[in-house]
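Report on the following structure.
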Amino acid sequence: MSAAKSMSWHKEFRLRGEKMAKLYSIGEVLIDFIPQQKGVALKDVVSFERAPGGAPANVAAAVAKYGQDASMITKLGEDAFGDFLVEQLANAGVEIDKILRTDEANTALAFVSLKDNGERDFSFYRKPSADLLFTEDELDPDWFKAGDALHFCSVDLVESPMKQAHRRAISLVKEKGGLISFDPNVRLPLWDNPDDCRAAILEFLPLAHLVKISDEELEFITGINDVEAAVQSLFKGDVQAVVYTKGAAGADLYSKDAKWTSSGYKVDVQDTTGAGDAFIGGFLFQLLEQKATPGNLGEVLSAKHADILKFANASGALTTTGKGAISALPKKEQVMNLIIEQK
């Protein structure tokens, strides 16, 4: 074999090897209706722009867009909105073969009102939506392999078949030695009461190896107003790392015995929808690049925390410069350029 052919073969093998592991996201995929006016109450919004969304889907799209394999596990309605979402995820590079369809319920919708600073209020339409009808029996154990990661949020942990599907998916991925990531992504309007939401989060949190939690959620979930004490209280069960996000101020990464801080990036904020999802999507992309597993997660974070946090922060920041979540995800090159520009 010539030197040129040898180098080409090794490059191809390396590239294939980097994409052997896959991120699976499980949970809701929905339509975000984004208002075309800021600073207007939802009841006064005149027109909306349709955008694909749903936190687990946003994360899968970010991972795929940045260059790693990602697959979505969910169920959509046999309706035009479901068709649109499947098309948008496919266009983002997300594998769609594990998205099931049903005529028993419609695809979920979320209407968003934007404040002048880009922050949001939500109104959800799903009683129930199709995603909640996904059953644990519809999961195939052969989907998952060693090195894969599973990401989930709390929106689909309401009492439903999908909640039990989450539990089984977590178990199946763990059996293969995969990494479990959890972003509570609290959305109280979807729950009968806040206590039910908190209880579901605390039930599933110890099953994760990595937990991402925002400054707006920490005290609600833990009941502790001191940040350091609240974060430490999250290290239960299998939890090895906690990412505490602070919006434009950046994020702090904790292991059981270490803490690493990072700063955010200055951008022109238009819409914060999906910023946290883009952050954790960028974070998980980096973990897949580093072939992180439950066995080596601590070593990977200790060695690569600075680069991982920079990429995640830049990913989240750039997503706020557009409207929607998946629609506003930046390219990998844009993320890297922002990191270089604001060194």
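For the condition within 15 Å of G54 (Cα to Cα) and either crowded, with 19+ Cβ neighbours inside 10 Å or touching a helix residue (DSSP H, G or I) at 6+ places or on another chain (Cβ under 8 Å) (or both), L150 does not qualify.
For F235, are the conditions met, namely being touching a Lys or Arg at 6+ places or on another chain (Cβ under 6 Å) and within 22 Å of G276 (Cα to Cα)? If you could, list the steps in order and put the result at the bottom.
Working: touching a Lys or Arg at 6+ places or on another chain (Cβ under 6 Å): yes; within 22 Å of G276 (Cα to Cα): yes.
For F235, the condition - touching a Lys or Arg at 6+ places or on another chain (Cβ under 6 Å) and within 22 Å of G276 (Cα to Cα) - is met.
The set of residues from region 196-232 being surrounded by fewer than 17 Cβ atoms within 10 Å (Cβ to Cβ) and either among the β-branched types (V, I, T) or within 25 Å of V300 (Cβ to Cβ) (or both) comprises P206, D215, I224, V227, E228, Q232. Take the conditions touching a residue at least 60 places away in the same chain (Cβ under 8 Å), within 21 Å of the chain's Cα centre (by Cα), buried (at least 19 other Cβ atoms within 10 Å of the Cβ) and within 21 Å of K343 (Cβ to Cβ) and apply them to A241. Does it pass? Spelling it out, it is not the case that A241 is touching a residue at least 60 places away in the same chain (Cβ under 8 Å), within 21 Å of the chain's Cα centre (by Cα), buried (at least 19 other Cβ atoms within 10 Å of the Cβ) and within 21 Å of K343 (Cβ to Cβ).
Residues that are buried (at least 24 other Cβ atoms within 10 Å of the Cβ) and at pLDDT 95 or above do occur in region 6-23. If only residues of region 120-131 that are surrounded by 15 or more Cβ atoms within 10 Å (Cβ to Cβ) and closer than 26 Å to T272 by Cβ are counted, the one that is nearest to the chain's Cα centre (by Cα) is D131.
Regarding region 79-87, can at least one residue be identified that is in contact with a helix residue (DSSP H, G or I) (Cβ under 8 Å, 6 or more places away or on another chain), under 30 Å from M20 (Cα atoms) and of a type in the set (V, I, T)? The answer is no; no qualifying residue exists. Candidates in region 188-213 are the residues that are among the charged types (D, E, K, R) and not in a helix (DSSP H, G or I); of these, the one that is farthest from the chain's Cα centre (by Cα) is D192. Can you say whether E136 is in contact with a His (Cβ under 9 Å, 6 or more places away or on another chain), among the charged types (D, E, K, R), surrounded by fewer than 19 Cβ atoms within 10 Å (Cβ to Cβ) and at pLDDT 95 or above, as far as the supplied structure shows? Judged against the criteria, E136 is a match. Of the strands (runs of 3 or more DSSP E) that lie entirely inside region 93-187, those containing 2 or more residues that are farther than 30 Å from Q37 by Cβ and in contact (Cβ under 8 Å) with a residue 40 or more places away in the chain span 149-153, 179-183.
Might you let me know whether region 296-305 holds any residue that is under 17 Å from the mean Cα position of the chain (by Cα), within 25 Å of A61 (Cβ to Cβ) and modelled with pLDDT of 95 or more?
Of the residues in region 296-305, the ones under 17 Å from the mean Cα position of the chain (by Cα) are none.
Within region 296-305 (the criterion being under 17 Å from the mean Cα position of the chain (by Cα), within 25 Å of A61 (Cβ to Cβ) and modelled with pLDDT of 95 or more), the answer is no, since none of the residues qualifies.
Within region 58-84, if we keep just the residues that are in contact with a strand residue (DSSP E or B) (Cβ under 6 Å, 6 or more places away or on another chain), in contact (Cβ under 8 Å) with a residue 60 or more places away in the chain and assigned to a helix (DSSP H, G or I), the residue that is surrounded by the fewest Cβ atoms within 10 Å (Cβ to Cβ) turns out to be V63. Taken over region 47-57, the criterion of being in a loop (DSSP other than H, G, I, E, B) and over 20 Å from F134 (Cα atoms) is satisfied by S47 alone.
Checking each residue in region 29-82 for being hydroxyl-bearing (S, T, Y) and either over 22 Å from the mean Cα position of the chain (by Cα) or at pLDDT below 95 (or both) picks out only S47.
The values are calculated or read from the model by the stated rules, or taken from the named source; none is laboratory data. All of these numbers come straight from a predicted model, not from anything done at the bench. We place every Cβ from the backbone using ideal geometry, glycine too, and count neighbours over all the protein chains shown.
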